[in-house]
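So the structure is just underneath, and the comments pick up after that.
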Amino acid sequence: MPPLVEHSFRVKGMDCTSCAGKIESAVRKLAGTSDIKVDVRSQTMTVRLEPGVVSPDSVARAVESIGYAVQRG
């Protein structure tokens, strides 16, 4: 298995821990994700991805599909 790669995202529109939980749940459903950390105060998310299994774009789409705006980095 290749080493996991950490990616950071800015997530706009979350304002409570419930929002963070929804985002974490949506990302957790994707195969190849781990160590998901969502921070409401800084409106950021970091997640470790398994290359070749899941892409940063897939993560962004999963978060956008539940109503949040996402920027990488």
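The values are calculated or read from the model by the stated rules, or taken from the named source; none is laboratory data. As the structure is a prediction and not an experimental result, all values here were calculated from the model. Side chains included, ligands, DNA and RNA excluded: accessible areas come from the protein's heavy atoms. Shrake-Rupley method; radii C 1.70, N 1.55, O 1.52, S 1.80 Å.
Observations
- Whole-percent P(r), the chain, all Cα pairs, 5 Å bins from 0: 3, 19, 33, 27, 12, 5, 2, 0.
- Angle of helix 17-28 to the longest C-alpha principal axis of the chain, folded into 0 to 90 degrees and rounded to 10: 20°.
- The portion of the accessible surface of the stretch 1-53 made up by carbon and sulfur, rounded to a whole percent, is 50 (1.4 Å probe; DNA, RNA and ligands excluded).
- In the chain, the calculated helix contribution to ellipticity at 222 nm averages -8500 deg cm²/dmol per residue, counting -39,500 (n - 2.57) for every DSSP H run with n ≥ 4.
- Extension gain, Arg28 back to Val53 (0.36 nm per residue minus Cα-Cα distance, nm): 7.7 nm
- Protein heavy-atom accessible surface, 1.4 Å probe, per residue over the chain: 59 Å².
- Accessible area in the full protein assembly, largest first, 1.4 Å probe, for Leu4, Leu49: Leu4, Leu49
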